[in-house]
1. So which of Val35, Val9, Val67 ends up being farther than 19 Å from Leu161 by Cα, of a type in the set (Val, Ile, Thr), surrounded by 14 or more Cβ atoms within 10 Å (Cβ to Cβ) and in contact (Cβ under 8 Å) with a residue 40 or more places away in the chain?
2. For segment 227-243, give me each residue that is aliphatic (A, V, I, L, M) and either under 16 Å from Phe34 (Cα atoms) or buried (at least 20 other Cβ atoms within 10 Å of the Cβ) (or both).
3. Pull up segment 133-161, narrow it to residues that are surrounded by 15 or more Cβ atoms within 10 Å (Cβ to Cβ) and of a type in the set (S, T, N, Q), then point me to the one that is nearest to Ala45 (Cα to Cα).
4. Within the bounds of segment 320-333, is there any residue that is within 31 Å of the chain's Cα centre (by Cα), closer than 16 Å to Thr257 by Cα and of a type in the set (Phe, Trp, Tyr)?
5. Take residues that are touching a residue at least 12 places away in the same chain (Cβ under 8 Å) and within 24 Å of the chain's Cα centre (by Cα) and tell me which of the strands (runs of 3 or more DSSP E) falling wholly in segment 230-302 contain 1 or more.
6. Would you confirm, using the coordinates I've provided, whether Glu305 is under 27 Å from the mean Cα position of the chain (by Cα), of a type in the set (Asp, Glu), closer than 28 Å to Ala364 by Cβ and not in a loop (DSSP other than H, G, I, E, B)?
7. I'd like the residue in segment 209-220 that is more than 13 Å from Leu24 (Cβ to Cβ) and out of contact with any Gly (no Cβ under 9 Å at 6 or more places or on another chain) and, out of all such residues, is surrounded by the most Cβ atoms within 10 Å (Cβ to Cβ).
8. If we scan segment 342-354, do we find a residue that is at pLDDT 95 or above, within 30 Å of His275 (Cβ to Cβ), part of a strand (DSSP E or B) and aromatic (Phe, Trp, Tyr)?
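The values are calculated or read from the model by the stated rules, or taken from the named source; none is laboratory data. Fair warning: this is a prediction, and the values are worked out from it, not measured in the lab. Virtual Cβ from ideal backbone geometry, glycine too; neighbours counted across all protein chains shown.
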Amino acid sequence: MASVTYDHVTKKFGDVIAVNDFTLQIEDKEFMVFVGPSGCGKTTALRLLAGLEEPTSGNIYIGDRLVNDVPPKDRDIAMVFQSYALYPHMTVYENMAFGLKLRKTPKKEIDRRVREAARILGIENLLNRKPKQLSGGQRQRVAVGRAIVREPAVFLMDEPLSNLDAKLRVQARAELSKLHQRLGTTFIYVTHDQVEAMTMGTRIAVMNAGVLQQVDTPQNLYDYPANVFVAGFIGSPAMNFFNARLVELDGQVCIDTGDFMVVIPMERQDIYRPHLGKEIVFGIRPEDLHDPQFAPPGIHGAAVEARVAVTELMGNEVIVYLDTEHYEFLGRFDPRTRARVGQTIRAVFDMDRMHIFDRQTEMAIR
């Protein structure tokens, strides 16, 4: 088993900086997820660790070993790609055994590893089939099995679930999380899907434009985003944002969006009082907007008048699209809501769950 260290790693492709001064310590046995939009540098960071790309500057360590100049085959890693890349003419057994044969692993050891991996993944009955006889989910398990038999120090996974349908992805997420617990190995997982990141990662590294934005546990990223980008990327539906200004009214610090004004809870007034007059971005998640009839007790609620533009009944909740003069925003309402399209309602904002960011730097003000 091994930790992984990126030490001020930069990767340039000509004039394009794909990864910029990337520094990250990944602990032994951790499930680290790299997440971000397409083109943010997450796959490049993974390929640098795998040895498929060379860093322009900086160092990469697996354990205490500097691996900048170590060939991929000698890095003690195994990689699962978005494309399963199974050999169509080989059986499942032969696909899983192929890499070990190239390393001249004894036949008895190959057989032990393949059958153990198949048992862990529940594909023992598929060992004699060819890839064309398998479903997408089964092929995905074979690709993971091919990595398991290597018994590597680090597993690298580049969007391995993106070819599966929605239901199968949910199942596969749980299987990979169980697999990580069972193997006790370091996993580094790349995805653009923040739901995958939130449900699977021990910690998440959020990237944008080649720059590491924030690294933390899923819950801390959700509760304490470092900047506007992280706040908008983590959470589904995305956080609502309003351009606003911090003002004082009757001795209280308030957020003035131009369309409405809300009061900051008393226990947080002193935090924001030094920033009076500052232009800010006010953020609040859809799940922290409530139908006034079903607002949770004990919250610091602020009523905001808005028109209902669209409602989407989801069964366990209703997604309500709301309009004011200059803003459109979402609420996740109790399914018993009577909000109807065209009505004007007073949506309740849970101000205990609000976020405030500096409009210039886009960094959180705490």
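1. Answer to the check: Val9.
2. Step one: filter segment 227-243 for residues aliphatic (A, V, I, L, M), giving 228, 230-231, 234, 238-239.
Scanning segment 227-243 gives Val228, Val230, Ala231, Ile234, Met239.
3. Gln140
4. So far as segment 320-333 goes, yes, one or more of its residues are within 31 Å of the chain's Cα centre (by Cα), closer than 16 Å to Thr257 by Cα and of a type in the set (Phe, Trp, Tyr).
5. Values: elements: 240-249, 252-256, 261-263, 279-284.
So the answer is 240-249, 279-284.
6. On the way: under 27 Å from the mean Cα position of the chain (by Cα): no; of a type in the set (Asp, Glu): yes; closer than 28 Å to Ala364 by Cβ: yes; not in a loop (DSSP other than H, G, I, E, B): yes.
So Glu305 fails the test.
7. Here the answer is Asn220.
8. Yes, because at least one residue in segment 342-354 is at pLDDT 95 or above, within 30 Å of His275 (Cβ to Cβ), part of a strand (DSSP E or B) and aromatic (Phe, Trp, Tyr).
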